[in-house]
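Novice: Sharing a structure below in structure tokens format, with a few things to ask.
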Amino acid sequence: MPKSDSQYDLHLIKVLGGRDGGGILTSELCFSRTLKTRTKKLTAIAIGKGMSSKVYQDAYHRDLLTPRTPFPKFDGRATKKITRIPLLIISSFFAAVFCAIRLRQTRQKKAVIVRKYELLLFSGFLALLLRAPLFWHVAELPRNKTLRFYRNFTCFTFNVILVPNSKYTAKNLGVDAGNVIYPGYSQARTLQYRPQTKKSKTLTYVISSRIVQSKAIDLAVNGFLQSRAHKFGCRLLIAGGPTDTEYAQKVSQLIEHSKTDHVYMLGHQDNIMEIYREADIVINSRRDAEPCGITILEALASGIPVIAYHEGGPSEFIRCNKNGWLLKEPSIAEYTRAIDKAWDNRHQIPSMALFCKESVRDLEATSQAEKLLRLINRRLHP
């Protein structure tokens, strides 16, 4: 085991998605800063072209491989994903051969790590060709039965080492919660100071999220519109994209038809700090369980209370009336209840900042990346 100021004699290979977004993209960039300085060599492989391809290119420069093998898009309904699995197998194998040839040159022991389950096949072939262990830092669990079979088959075939991103994920995978590596937050994306007194008589609620169906933006907006907080002049700011999809248009029309002057869709925001400065409450909306939620970590680390659906990772961090409020179910009525609960406790919100920060103090990205490296090192040197 190296000392804290030395490097691991390790060539770490990270498999990324060219269409990564939201919390995965944010977490990958945060982790990369520590992994670069603490390993002998860090190589990233970006699969597919998308909005994050350029971001990863800027972050890794010559240490980024981009296989030209065309990969099927692994989005949309579960039935569409299933039909793409045969093409995914073929594309994964040839892309893995392309990358393995270029990665065999280094003398250090190698380890492969991936987050997205649709990239498990490629990562498995690559690890097999490099004779390296494969770690799956689980970002999201497939819910369709066929996709779960695909996941289980892939994990068994390639002897994948599971690294859950929360205690909730560990329980669902049936693995030791001691190996949990949270996605972490960057200090650079959090507020270091919040005033203990509030000048405005109203509250600003913020949603910072991808505008997609699973994020339940429509439920949160409806819940806000029906709340007393809205009637008393509070604002709801929605930061994120895409804004040109059918679902985003649905949310936009919902706001337009309500004829409210207190709900704003801001689109993608490069400077999340400006959004957090405006926020009194952050809403982490979901239709289903949130495995962890990097927005939750960032908000709490900034001293901002959070409203979230209780299922999944949020219940590991949020304590009702201390650093936020949990929903019993993802429904309009529950969002209204939680939003009004925050409004009723508005005078206590500034004083909640300290408990917010304390609740996630050990979950900063640097410490979580270090924990990940120690886990990998134990596997390589038992």
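Novice: Has the stretch 332-353 got any residue that is within 17 Å of the chain's Cα centre (by Cα), aromatic (Phe, Trp, Tyr), at pLDDT 95 or above and within 22 Å of residue 23 (Cβ to Cβ)?
Specialist: no
Novice: Of the residues 210, 151, which single one is of a type in the set (D, E, K, R), under 20 Å from the mean Cα position of the chain (by Cα) and not assigned by TED's automatic domain parsing to the domain that holds residue 284? Don't jump to the end; show me each part of the working.
Specialist: On the way: 210 fails: not assigned by TED's automatic domain parsing to the domain that holds residue 284.
One residue alone meets the criteria, 151.
Novice: Here's another thing I want to ask about it. If I filter the stretch 102-112 for residues that are touching a residue at least 24 places away in the same chain (Cβ under 8 Å) and under 26 Å from residue 23 (Cβ atoms), do I get at least one hit?
Specialist: Checking the stretch 102-112: at least one residue is touching a residue at least 24 places away in the same chain (Cβ under 8 Å) and under 26 Å from residue 23 (Cβ atoms).
Novice: A further question follows. Being in contact with a Pro (Cβ under 8 Å, 6 or more places away or on another chain) and surrounded by fewer than 22 Cβ atoms within 10 Å (Cβ to Cβ) narrows it down to one residue among 294, 349; which is it?
Specialist: Within the list 294, 349, the selection yields 349.
Novice: How many residues does the stretch 17-44 contain that are touching a residue at least 60 places away in the same chain (Cβ under 8 Å) and closer than 19 Å to residue 88 by Cα?
Specialist: 2
Novice: Can you confirm whether residue 297 is more than 17 Å from residue 26 (Cβ to Cβ) and either out of contact with any helix residue (DSSP H, G or I) (no Cβ under 6 Å at 6 or more places or on another chain) or part of a helix (DSSP H, G or I) (or both)?
Specialist: no
Novice: Can you list the strands (runs of 3 or more DSSP E) lying wholly within the stretch 135-251 that have 3 or more residues being surrounded by 19 or more Cβ atoms within 10 Å (Cβ to Cβ)?
Specialist: Because the criterion is at least 3 residues that are surrounded by 19 or more Cβ atoms within 10 Å (Cβ to Cβ), the strands (runs of 3 or more DSSP E) in the stretch 135-251 that meet it are 204-208, 235-239.
Novice: Oh, and also: Residue by residue through the stretch 30-53, note down the ones that are farther than 25 Å from residue 297 by Cβ and among the hydrophobic types (A, V, I, L, M, F, W, C). Lay out the reasoning, then the answer.
Specialist: Step one: filter the stretch 30-53 for residues farther than 25 Å from residue 297 by Cβ, giving 40-41, 43, 45, 47-49, 53.
Hits for the stretch 30-53 are 45, 47.
Novice: Related question: Looking at (1) modelled with pLDDT of 85 or more; (2) buried (at least 20 other Cβ atoms within 10 Å of the Cβ); (3) under 21 Å from residue 242 (Cβ atoms), which is the one condition that is false for residue 71?
Specialist: Just one mismatch for residue 71, condition (1).
Novice: Can you name the number of the only condition in (1) farther than 22 Å from residue 370 by Cα; (2) modelled with pLDDT of 90 or more; (3) of a type in the set (A, V, I, L, M) that residue 51 fails?
Specialist: Tallying (1) farther than 22 Å from residue 370 by Cα; (2) modelled with pLDDT of 90 or more; (3) of a type in the set (A, V, I, L, M), residue 51 fails exactly one: (2).
Novice: Does residue 290 meet the test of being closer than 21 Å to residue 361 by Cβ and under 13 Å from the mean Cα position of the chain (by Cα)?
Specialist: In short, yes.
Novice: Right, here's the next one. Name, by its number, the condition in (1) modelled with pLDDT under 95; (2) exposed (fewer than 14 other Cβ atoms within 10 Å of the Cβ); (3) assigned to a helix (DSSP H, G or I) that does not hold for residue 257.
Specialist: All conditions pass for residue 257, except number (1).
Novice: Would you please list the contacts, defined by Cβ atoms under 9 Å and residues six or more apart or on different chains, that run from a residue in the stretch 146-160 that is within 13 Å of residue 85 (Cβ to Cβ) to a residue that is among the small types (Gly, Ala, Ser) and at pLDDT below 90?
Specialist: 146/78; 147/78
Novice: Something else now. What about residue 277, is it among the basic types (Lys, Arg) and touching a strand residue (DSSP E or B) at 6+ places or on another chain (Cβ under 8 Å)?
Specialist: For residue 277, the condition - among the basic types (Lys, Arg) and touching a strand residue (DSSP E or B) at 6+ places or on another chain (Cβ under 8 Å) - is not met.
The values are calculated or read from the model by the stated rules, or taken from the named source; none is laboratory data. All values reported here derive from a predicted model rather than from experimental measurement. Don't worry about glycine lacking a Cβ; one is built from the backbone with ideal geometry, like all the others, and counts go over all protein chains shown.
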